[in-house]
1. Consider segment 145-172. How many of its residues are in contact with a Ser or Thr (Cβ under 8 Å, 6 or more places away or on another chain) and not in a helix (DSSP H, G or I)?
2. Only one of (1) of a type outside the set (Val, Ile, Thr); (2) under 22 Å from the mean Cα position of the chain (by Cα); (3) open to solvent by 20 Å² or more (accessible area, probe 1.4 Å) fails for ARG220. Which number is that?
3. With the requirement that a residue be open to solvent by 40 Å² or more (accessible area, probe 1.4 Å), outside any loop (DSSP other than H, G, I, E, B) and either touching a strand residue (DSSP E or B) at 6+ places or on another chain (Cβ under 9 Å) or among the basic types (Lys, Arg) (or both), what does segment 109-136 give you?
4. I'd like to check which strands (runs of 3 or more DSSP E) are fully inside segment 209-312 and have at least 1 residues that are more than 16 Å from the ligand (Cβ to nearest atom) and either without any contact (Cβ under 8 Å) to a residue 12 or more places away in the chain or within 18 Å of GLU188 (Cα to Cα) (or both).
5. Suppose we filter segment 107-144 for residues that are on the phi > 0 side of the Ramachandran plot and within 16 Å of the ligand (Cβ to nearest atom); how many remain?
6. I'd like the full set of residues that are in a helix (DSSP H, G or I) and under 21 Å from the mean Cα position of the chain (by Cα), limited to segment 182-208.
7. Please identify the pairs in which a residue from segment 95-121 that is of a type in the set (Asp, Glu) has its Cβ atom under 6 Å from the Cβ atom of a residue that is open to solvent by 10 Å² or more (accessible area, probe 1.4 Å), counting only partners at least 6 apart or on another chain.
8. Do we find that LEU190 is within 16 Å of the ligand (Cβ to nearest atom), touching a Gly at 6+ places or on another chain (Cβ under 7 Å) and modelled with pLDDT of 95 or more in this structure?
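The values are calculated or read from the model by the stated rules, or taken from the named source; none is laboratory data. Source: prediction; values computed, not measured. Here the Cβ positions follow ideal geometry from the backbone for every residue, glycine too, while neighbour counts run over all protein chains shown. To get the accessible areas, we keep the full protein, side chains included, count just its heavy atoms, and leave off ligands, DNA and RNA. Shrake-Rupley method; radii C 1.70, N 1.55, O 1.52, S 1.80 Å.
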Amino acid sequence: MSTPTLMPACLYIVATPIGNLSDMTPHAIDTLKQVAIIACEDTRTSGRLLAHFGIDTKGSKNNNDDETVGKDDSITPDNKKGHNKLWAYHEHNSAIQTPKIIEMIQEGHSVALISDAGTPLVSDPGYQLVQAAHAAGVAVSPIVGASAAIAALSVAGLPSDRFSFIGFLNAKTHGRQKQLTALKTRPETLIFYEAPHRIVASLKDMAEVFGTNRGVTFCRELTKTFETVHKSTLGALIEFVQADDNQQRGEMVVVVAGDNAVQDDDDISIHDALLQRLLIDLSVKKAAALAADITGVKKNALYQRLLELQAE
Ligand code: SAM
């Protein structure tokens, strides 16, 4: 297969691995080799990744290297040739860098945006740049790859037909509980990112607001050597994480079942009292329909459970 060539000047949003470097795609490597500029959150972190894949980032003029980042980590348009092709692009300099990057593309130079890991813009910088590209009529193209949120959802064993990505919760208990309260009755699966030093406090707040019986899957260090994928309830997960300090280290995604989500036979039995009462006055079919309206649980699942209760 021939190496794909770049489209006319474009902003590429390039995903990089979330742990296992083998997850870097050939398409990402080709693109990063061919673009004029690679905008990244941290030039040191990305420099190591790019070096691993033999992507050259050094030029004869180097005014955006690690020593200068912080003093002037922008590149003026007249430094387009022979510069360090790695540009710092982060929360604190995006307002300055965005117009410069757009100008570069308008002058015919393709630019790639990467983040420290995974897919840019997913709890990472880039929104302002992509928005500005659209506003300027500049083409934007995704070079797809890993994202921790989707990786976690794919192994969580929780309903995946509808889900919401919440990202990081507020760092403070009060703010976190307020956010969680607003999410309490959401029926879809919820995906949270969390920092290791806050995981226990956040799980405790989730258990307090959502209830200790709410289903959850804890996904830690995905694609790395000490990966954890642990399906549980919030109450039991707190014990699991507290019992092992290793579970409080590294990178983690918490995937929480939506309100009333049917995960397994045990969960549906929460509604047994209601179903038994409805069975006294109604047929199984009518009881299933009414219970589905009341609980939001799927009618078929309730119908099966009603048949079991009737046979008991
Ligand atoms: N843009 C990234 C993505 O596409 O997933 C996310 C960046 S965000 C700043 C970093 C957070 O993502 C971590 O704190 C963690 O919650 C999650 N994360 C990243 N890599 C992970 C991994 N290998 N396993 C579990 N969670 C991970």
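1. Looking only at that region, the number is 13.
2. (3) is the only condition that ARG220 fails.
3. Of everything in segment 109-136, just one residue is open to solvent by 40 Å² or more (accessible area, probe 1.4 Å), outside any loop (DSSP other than H, G, I, E, B) and either touching a strand residue (DSSP E or B) at 6+ places or on another chain (Cβ under 9 Å) or among the basic types (Lys, Arg) (or both), namely HIS134.
4. Working: elements: 215-220, 228-233, 252-256.
Output list reads 215-220, 228-233.
5. Qualifying residue count for the region: 4.
6. Residues of segment 182-208 that are in a helix (DSSP H, G or I), as a first pass: 182-183, 196-208.
Once the filter is applied, which keeps residues that are in a helix (DSSP H, G or I) and under 21 Å from the mean Cα position of the chain (by Cα), segment 182-208 yields ALA182, LEU183, PRO196, HIS197, ARG198, ILE199, VAL200, ALA201, SER202, LEU203, ASP205, MET206.
7. Sorted first by the residue in segment 95-121, then by its partner, the pairs are GLU103/PRO77; ASP116/GLU41; ASP116/ASP42; ASP116/THR45.
8. Numbers: within 16 Å of the ligand (Cβ to nearest atom): yes; touching a Gly at 6+ places or on another chain (Cβ under 7 Å): yes; modelled with pLDDT of 95 or more: yes.
Here the answer is yes, as LEU190 does meet what is asked.
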